[in-house]
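Following: one structure in structure tokens, then a few remarks.
The values are calculated or read from the model by the stated rules, or taken from the named source; none is laboratory data. On a predicted model such as this, the values are computed, not experimentally measured, just so you know. Ideal geometry is used to build each Cβ from the backbone, glycine not excepted, and the neighbour counts take in all protein chains shown. Accessible surface is based on the protein model in full, side chains and every heavy atom, while ligands, DNA and RNA are left aside. Shrake-Rupley method; radii C 1.70, N 1.55, O 1.52, S 1.80 Å.
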Amino acid sequence: EQRKLLHMSNDFNAYGRLGSGFAFHFDLTDNTIWGEQGLLPGETWIKNSGWPWVNTNNEEKLMYDENVFGVSYQNDWLSLSVGRQYSQWGYGKAGQLSVSSHSPAMDMVRWSLDFGRFKYTGLTGFLIDVDASQSVIRLSDKRNKFLAGSRIEFNAGFGLQLGLNQFAIYGDRDLELG
């Protein structure tokens, strides 16, 4: 017996340039998933998708938003972007080692400085941490949690690129060892 799960999404996006170095983008997506009883994704999926609004609608439908937007500036040696964006760091065929390409979008500031063979990139972002057992998740339910990271890359030539990075997650609670 084959059971069905249906997904409907509505999307509006735009992007453009303002002058020689400034740009903007936004992508607003409204999603609804429904299907037979018991087929909706579990709490882990709900927790990591669709902020700022998720509604499970008594487990008959799952409704969520995926919104990304930002403004950026770029010249020969500097790149700066601010907004709600996806971020992926590191190399890999099925996802990145440092920050996965499957991570949800986050509000962040990201910058890069390019010095020929060397490139420095940094970011600071706001992570969402909510109780996924709730049927409706609102902005007031969040707990403050942040991500800070930096990466330095060296282009050795011949297709060889070396990189080192570090990340820290911190928030509004006491130090936890272990």
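Output yes when any residue across segment 95-117 is farther than 22 Å from Gln166 by Cα, among the aromatic types (Phe, Trp, Tyr), open to solvent by 70 Å² or more (accessible area, probe 1.4 Å) and at pLDDT 85 or above, and no when none is.
Looking through segment 95-117, none of the residues is farther than 22 Å from Gln166 by Cα, among the aromatic types (Phe, Trp, Tyr), open to solvent by 70 Å² or more (accessible area, probe 1.4 Å) and at pLDDT 85 or above.
Looking only at segment 65-88, which residues are open to solvent by less than 70 Å² (accessible area, probe 1.4 Å) and part of a loop (DSSP other than H, G, I, E, B)?
Answer for segment 65-88, where residues must be open to solvent by less than 70 Å² (accessible area, probe 1.4 Å) and part of a loop (DSSP other than H, G, I, E, B): Asn75, Ser87.
Specify the residue that is modelled with the lowest pLDDT; the eligible residues are those in segment 66-94 that are over 9 Å from the mean Cα position of the chain (by Cα) and aromatic (Phe, Trp, Tyr).
If we take residues in segment 66-94 being over 9 Å from the mean Cα position of the chain (by Cα) and aromatic (Phe, Trp, Tyr), then Tyr91 is modelled with the lowest pLDDT.
Which pairs turn up if I take residues in segment 67-87 that are among the polar types (S, T, N, Q) and look for partners that are surrounded by fewer than 16 Cβ atoms within 10 Å (Cβ to Cβ) with beta carbon separation below 6 Å, at least 6 apart in sequence or on another chain?
Asn67/Leu28; Ser72/Ala23; Gln74/Gly21; Asn75/Gly21
As an exercise: evaluate Gly178 against (1) open to solvent by less than 70 Å² (accessible area, probe 1.4 Å); (2) modelled with pLDDT under 80 and give the number of the one condition it does not meet.
Failed condition: (1).
Here is a list of conditions, (1) modelled with pLDDT under 90; (2) open to solvent by 70 Å² or more (accessible area, probe 1.4 Å), and Gly171 meets all of them except one; can you say which number that is?
(2)
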